[in-house]
1. Could you list all residues from the stretch 81-107 that are assigned to a strand (DSSP E or B), open to solvent by 30 Å² or more (accessible area, probe 1.4 Å) and of a type outside the set (V, I, T)?
2. Look at the stretch 44-62 and say how many of its residues are assigned to a strand (DSSP E or B) and open to solvent by 60 Å² or more (accessible area, probe 1.4 Å).
3. Let me confirm something: among F65, F75, which residue is open to solvent by less than 70 Å² (accessible area, probe 1.4 Å), closer than 26 Å to F29 by Cα and aromatic (F, W, Y)?
4. I need the full set of residues from the stretch 78-101 which are over 26 Å from F29 (Cβ atoms) and either modelled with pLDDT of 95 or more or within 14 Å of the chain's Cα centre (by Cα) (or both), in order please.
5. Can you tell me which residue within the stretch 7-19, out of those that are under 16 Å from R92 (Cα atoms) and part of a loop (DSSP other than H, G, I, E, B), is least open to solvent (accessible area, probe 1.4 Å)?
6. With the requirement that a residue be open to solvent by less than 70 Å² (accessible area, probe 1.4 Å) and among the hydrophobic types (A, V, I, L, M, F, W, C), what does the stretch 20-41 give you?
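The values are calculated or read from the model by the stated rules, or taken from the named source; none is laboratory data. Being a predicted model, the structure only gives us computed values, none of them experimental. Don't worry about glycine lacking a Cβ; one is built from the backbone with ideal geometry, like all the others, and counts go over all protein chains shown. Quick note on the areas: whole protein, heavy atoms, side chains included, nothing else; ligands and nucleic acids left out. Shrake-Rupley method; radii C 1.70, N 1.55, O 1.52, S 1.80 Å.
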Amino acid sequence: MLGWLKLRQMNFEVCRTIRADHPSLPGHFPGAPIVPAVLILEEVLAALSEWRADARLLGIPAVKFLAPLQPEQPFTICLSSTTNAQSEIDFRCRVENRVIVEGRLRISRGST
């Protein structure tokens, strides 16, 4: 009857910055470092945990890296429910208005 009151927020955004002194950067293109893809994905998963603490990652069936991310460059992680919100979350990472990464997460939901 009142199930609609329990609907979760359909979108989530958070801003992140990878510090220039991160230990992975000196070896990732010395002299002109860019943030490694795995580090960006780690931040996406941290954002997912903030938004949906009960979500557990099962896989990343799709991801596209469209542009590099520089150290100290702020970026916004946008997560949104798909039509299959129980098991899939779309994500985008933006620098200003430019999408630099996009993809989909496959998740399972624990009981809360």
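1. Applying the first criterion (assigned to a strand (DSSP E or B)) to the stretch 81-107 yields 81, 88-95, 98-107.
Remaining after also requiring open to solvent by 30 Å² or more (accessible area, probe 1.4 Å): 88, 90, 92, 94, 98-99, 102, 104, 106.
Answer for the stretch 81-107, where residues must be assigned to a strand (DSSP E or B), open to solvent by 30 Å² or more (accessible area, probe 1.4 Å) and of a type outside the set (V, I, T): E88, D90, R92, R94, R98, E102, R104, R106.
2. First, the residues of the stretch 44-62 that are assigned to a strand (DSSP E or B): 55-62.
Add one more test, that the residue is open to solvent by 60 Å² or more (accessible area, probe 1.4 Å), and what stays is 56-58, 60-61.
So the count comes out to 5.
3. Details: F65 fails: open to solvent by less than 70 Å² (accessible area, probe 1.4 Å).
Going through F65, F75 in turn, the sole match is F75.
4. Here is the first cut: in the stretch 78-101, the ones over 26 Å from F29 (Cβ atoms) are 78-90.
Hits for the stretch 78-101 are C78, L79, S80, S81, E88, I89, D90.
5. Of all residues in the stretch 7-19, those under 16 Å from R92 (Cα atoms) come to 10-17.
Now drop any that are not part of a loop (DSSP other than H, G, I, E, B), which leaves 10, 17.
Numbers: M10: 103, T17: 65 Å².
So, considering only residues that are under 16 Å from R92 (Cα atoms) and part of a loop (DSSP other than H, G, I, E, B), the one least open to solvent (accessible area, probe 1.4 Å) is T17.
6. Correct list: A20, L25, A32, I34, V35, A37, L39, I40, L41.
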